[in-house]
Structure formats: C-alpha cells, structure tokens
Amino acid sequence: MSRYGQAGRIEMKQLRKRVLVTGGAGFLGSHLCERLLKEGNDVLCVDNFFTGTKDNIAHLMGSPYFELMRHDVTFPLYVEVDEIYNLACPASPIHYQHDPVQTTKTSVHGAINMLGLAKRVGAKIFQASTSEVYGDPAVHPQPESYRGNVNPIGPRACYDEGKRCAETLFFDYHRQHKLNIRVARIFNTYGPRMHPNDGRVVSNFIVQALRGEPITIYGDGSQTRSFCYVDDLVEGFIRLMAAPDDVTGPINLGNPGEFTIRQLAEAVIRLTGARSTLVFEPLPQDDPMQRKPDITLARTTLGWEPTIALEAGLRRTIAYFSDLLGLPLPETVSA
Ligand SMILES: NC(=O)c1ccc[n+]([C@@H]2O[C@H](COP(=O)([O-])OP(=O)(O)OC[C@H]3O[C@@H](n4cnc5c(N)ncnc54)[C@H](O)[C@@H]3O)[C@@H](O)[C@H]2O)c1
C-alpha cells in the first residue's frame, strides 16, 4: 500500500492495486501486463521501446485500467503506485551488446531509480534478474546459493554484471531502507511476442524453420539449455510478489527440463514440418555450456513449478511466428 494509505483510496472508491511494469512493452512485460489486468489491477506500462513494441500491448490499449508511458528508466520517474515490476532491460546478446554502456546504465541506474520510487511511495518492488548472474556455471544445476562464474570484462559482462549490481542494490535497499523486495532469477523463457530477430535460440530456430532456411547451431549443439514457457514464468512472478514479506528471493524461476540445442532444433524441425538442414558455427565467447535451474526453493516456498511441456509451448510459439511472418500455419501445429 502506498504512503497515501488505504483510507484515501477507499474514499476515492479506487480499490484497484496500481501496478507499474517497466519494460512492459517487451516479451515478458506484455504477458505480465495482460495477466495483471485480467486480475483487476490498474496497470501502468513504462517502456522506451528499445526492444519492445506497441504491437505487443496494442490489444490492452482499449482498457481504461491500462496506461502506457514512454519513458527511459535511466531517468527518475515520479508516479504513485503500490507495486513495481522492474523488467526494463534488453535481454538478448544482440540487443544488450548493441550499446553495452547503456545496458549497464539501464540495469544499474534503472534499479536505483525504481528503488528510489519504491522507497518514496512505499511500494513493493520486484526485480527481473537472470540466470546470467551464474555466468558459465561450474555447478550444475544452479541453486540460488551458487555465486557464479562471470567474466567481468567480457562482452556479456554489461548484462551479467549490470544484473548482479542491480541485485546488490535491491538487497542494500532492503537492509538499509527496509524496502519490500522480490528478486527472481529468470532462466531461458520463450513464447509468443519474442522478438523475431534477436538471435535467441527458440525464436531463431522457429523463424529459420518456417522460412525453410538452414538452422544455425553455434558449437556442436551438445550444450544444454532449459526452456520455460512464458505463462509458467508469469505465474511464478505473481506468486513471488504475493508471497509473505520475508520471501525476498533471490529465487530461480525456470523449467528444469534440460535439452541439448540439437534436440531443440530437431523438435522445431519436426513440429514445423520444415526441410531445414543444420549448419554449425563457432560458439560465441563466454557462451555457457550448461544451464539448468534448481527450482527447489520456488517449489517449496511458492508451490510453483512449470506445467507446460516444451512441445506444447513450441506449438503455440510456432503459431505466433507463422502469423507474424505471414506464413501458413504448419499442419503439424494446427493438427
Ligand atoms: N526472456 C528471458 O528468457 C529472460 C531471461 C532472464 C531474464 N530476463 C529479464 O526479463 C526482462 C524482460 O526480458 P524480455 O525477454 O521480455 O526482453 P525484451 O527485450 O522483450 O523486454 C525488455 C523491455 O525493456 C524495454 N527497455 C529496455 N531498456 C529500457 C530503458 N532504459 N527504459 C525503459 N524501457 C527499456 C524494452 O524496450 C523492452 O520492451 C529483462 O530484464 C531481462 O533481463 C529475461
């Protein structure tokens, strides 16, 4: 509840929770806005449209309880809200390496600005952190207690270290200013509204397969990843925000099912019915070999675990991309 208190809000017959989502026009943010609106909240979506688009949230614009604000979180923001979900940050290497200094600023200055806002208005605040804080992990699967293996001067550091510093800021605001914080470490998530050209593996493979192009695998394809469908992840966000105040996280949210990149490529080819071949290219620097969340903490404290199997999630994502690209829906998906 904000510093203006429940009383003032009852007087105004305004009982909806006012929720700010930064990065709300992006892939995860747009699904989160949709879910928060469905639950009867008053949603303020803030985005600078670096990677997000109005198309992602166009279907929400008709609601009187949805508001869109163009704003860059590296600048202070003065609004009255009860909860903040801080998602603003480019998330794929192509985008976050485009302007690495701005990426670090978005994570660090963005966190400072949003934490300052939360402090001013007494709002609860959620941080979208990442499995990248574990770097190229020497422990597998990764529990929250693992401190990571990050190269602080490599090309991914602007993202990894920016997110690590944001976590530090969240916990210092919590200790120093008693802020009510929630930190989620998000593992690879996929689904409709992913950016078609951001080089992330699921969208890349689907777009290449739908276009009948060869599928590009970096390395020999034996590196593993876990893939969480977006609806499962958003459920985790909501549960974490609603959890008792001593549940600050950091808490891993992701799907522990582990697949090699080659298995993913083969599943996409099968589900799209494509004739794509596989082409192999060198692994980018600091690309982790394994990534898999240990979600014991999320299971025990939030009663949360993913429910959507990879094949079901891929079908929905393939349907989205075939529509986006104006290509026919593969029979294998519509069946
Ligand atoms: N998708 C995943 O698998 C994944 C995994 C780990 C962490 N995350 C985190 O979740 C969050 C959302 O990721 P996503 O996959 O939806 O990416 P996305 O790129 O689709 O969304 C990020 C959004 O933030 C906006 N943005 C970027 N810089 C901004 C700034 N300075 N001010 C205001 N808005 C800004 C972008 O325009 C975009 O709408 C990010 O913080 C990302 O680090 C995502």
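Where a number appears in this text, it was derived from the coordinates with a stated rule and is not lab data. Computed from a predicted model, the values in this text were never measured in an experiment. Here Cβ is always computed from backbone atoms with ideal geometry, including for glycine, and neighbour counts include all displayed protein chains.
Taking the Cα-to-Cβ direction at residue 333 and at residue 59 and moving 7 Å from each Cα, how far apart do the two end points lie in nm?
Inter-label distance under the simple model: 1.4 nm.
Within 10 Å, count the other beta carbons around each residue, average over each peptide in 327-333, 29-35, and list them highest first.
By packing density, highest mean first, the sequence is 29-35, 327-333.
In whole Hz, what ³J(HN,Hα) sequence does segment 202-208 give by Karplus (6.51, -1.76, 1.60; θ = phi - 60°), x for Gly and Pro?
5, 5, 4, 4, 5, 5, 4
Mind running the shape call on segment 197-315? Use the C-alpha gyration tensor, a ≥ b ≥ c as the square roots of the eigenvalues: rounded below 1.5 for a/c, prolate if a/b tops b/c, oblate otherwise.
It is prolate, given that a/c is not under 1.5 and a/b is the larger ratio.
Can you pull the one-decimal nm distance between simple spin-label points at residue 280 and residue 97, each 7 Å off the Cα toward Cβ?
Placing both labels 7 Å beyond Cα along the Cβ direction yields 2.1 nm.
Return the whole-Å distance between the Cα centroid of segment 57-114 and the Cα centroid of segment 243-277.
Going from one Cα centre to the other spans 25 Å.
Quick one, what does Rg over Rh come out to for segment 28-137 if you take C-alpha atoms and the Kirkwood Rh?
Ratio value, two decimals: 0.96.
Can you list the HN-Hα couplings for segment 65-78, worked out from phi with the Karplus curve (6.51, -1.76, 1.60; θ = phi - 60°), rounded to whole Hz and with x for Gly and Pro?
Rounded to whole hertz, the list is 9, 10, 10, 10, 10, 7, 7, 9, 5, 6, 10, x, 10, 10.
Given the -39500 (n - 2.57) contribution per DSSP H run of 4+ residues, what per-residue ellipticity at 222 nm results for the chain, rounded to the nearest 500 deg cm²/dmol?
Result for the chain, helices only: -11500 deg cm²/dmol.
Whose amide H sits under 5 Å from the amide H of residue 228, counting only residues 5 or more places off or on another chain, with H placed in the peptide plane?
189, 190, 255
What is the set of long-range amide H partners of residue 68 at a cut-off below 5 Å, with H atoms built 1.01 Å from backbone N?
Those lying under 5 Å, H to H, from residue 68 are 45.
Take the residue pairs 124/292; 38/124; 17/178; 124/163; 119/163; 17/119 and return only those whose Cα atoms are more than 25 Å apart.
124/292
Working from the alpha-carbon coordinates of the chain, get Rg over Rh, Rh being the Kirkwood radius.
Here Rg/Rh amounts to 0.96.
May I ask you to evaluate 6.51 cos²θ - 1.76 cosθ + 1.60, the Karplus curve with θ = phi - 60°, for each residue of segment 112-127 and list the ³J(HN,Hα) values in order in whole Hz, giving x for glycine and proline?
Result, rounded to whole Hz: 4, 5, 6, 5, x, 4, 4, 5, 4, 9, x, 8, 7, 9, 10, 10.
Taking amide hydrogens as modeled 1.01 Å from N in the peptide plane, which residues meet the under 5 Å criterion relative to residue 294, leaving out close sequence neighbours?
Amide H neighbours of residue 294, under 5 Å, 5+ apart: 142.
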